[in-house]
Amino acid sequence: MFFFVPARLADSVTVMTTAKPLLILIAGPYRSGTGDDPDLLAANLRRLEEAAWPIFRAGHVPMIGEWVALPVLRGAGGRGVGDPVAQEVLYPTAERLLHHCDAVLRLPGDSTGADQDVTIARERGLPVYYDLADVPGVAA
């Protein structure tokens with residue numbers, strides 16, 4: 001299998017040639033403990049996103065449920081995660097995404113939603129990683 005990697009990326013990207021890239025849901029605290037404060041929500045999203053680059057660099061596709069759910073929530077007329085319509089969007093989005101994901105990376109911290117993601121992943125027989133270094137190709 002051949003992949004073209006531009007020279008400017010060749011030194012920083014690991015290209016997996018032996019296996020299909022995994023779609024990995026990054027699960028961890030987003031809303032928990034924030035009181036829905038926008039700054040705290042943004043900080044939690046940044047923590048989730050910090051895991052995205054190492055996963056991508058290892059040849060996989062990182063996914064965070066909020067990357068999908070928040071635009072859907074806005075499209076449904078929701079004004080934020082505390083809006084009543086959020087209950088119809090946030091958790092169901094992650095559940096639907098898990099039909100397409102190959103694994104879950106569970107980051108530390110209290111999170112009902114992330115715990116639900118882990119339960120669903122286990123029910124579906126998906127690997128659940130609790131350390132970024134355990135994701136195939138990340139520690140290499």
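The values are calculated or read from the model by the stated rules, or taken from the named source; none is laboratory data. As the structure is a computational prediction, the values presented were derived from the model and not from experiment. No Cβ is skipped: glycine too gets one built from the backbone with ideal geometry, and neighbour counts run over all protein chains shown.
Considering (1) free of Cβ contacts under 8 Å to residues at least 24 places away in the same chain; (2) buried (at least 18 other Cβ atoms within 10 Å of the Cβ); (3) not small (Gly, Ala, Ser); (4) not in a helix (DSSP H, G or I), the lone condition that LEU70 does not fulfil carries the number (4). Against the conditions (1) farther than 14 Å from PRO29 by Cβ; (2) in a helix (DSSP H, G or I); (3) touching a Leu at 6+ places or on another chain (Cβ under 9 Å), THR119 satisfies every one except (3). Contact annotation: residue pairs with Cβ atoms under 9 Å, 6 or more positions apart or on different chains, pairing a residue in region 109-133 that is within 16 Å of HIS60 (Cβ to Cβ) with a partner that is part of a helix (DSSP H, G or I) and aliphatic (A, V, I, L, M), are LEU126/ILE120; PRO127/ALA121; VAL128/VAL118; VAL128/ALA121; LEU132/ILE55.
Please state which one of ASP83, ASP102 is surrounded by 13 or more Cβ atoms within 10 Å (Cβ to Cβ), among the charged types (D, E, K, R) and over 24 Å from ALA42 (Cβ atoms). Break it down stepwise before answering.
Working: ASP83 fails: over 24 Å from ALA42 (Cβ atoms).
Testing whether each residue is surrounded by 13 or more Cβ atoms within 10 Å (Cβ to Cβ), among the charged types (D, E, K, R) and over 24 Å from ALA42 (Cβ atoms) leaves just ASP102.
Can you spot a residue in region 2-22 that is under 25 Å from ASP134 (Cβ atoms), at pLDDT 95 or above and not charged (D, E, K, R)? Checked region 2-22: at least one residue is under 25 Å from ASP134 (Cβ atoms), at pLDDT 95 or above and not charged (D, E, K, R).
Answer yes or no as to whether ILE64 is crowded, with 17+ Cβ neighbours inside 10 Å, out of contact with any Phe, Trp or Tyr (no Cβ under 6 Å at 6 or more places or on another chain) and touching a residue at least 60 places away in the same chain (Cβ under 8 Å). So that I can check it myself, show each step before the final result.
Values: crowded, with 17+ Cβ neighbours inside 10 Å: yes; out of contact with any Phe, Trp or Tyr (no Cβ under 6 Å at 6 or more places or on another chain): yes; touching a residue at least 60 places away in the same chain (Cβ under 8 Å): no.
So ILE64 fails the test.
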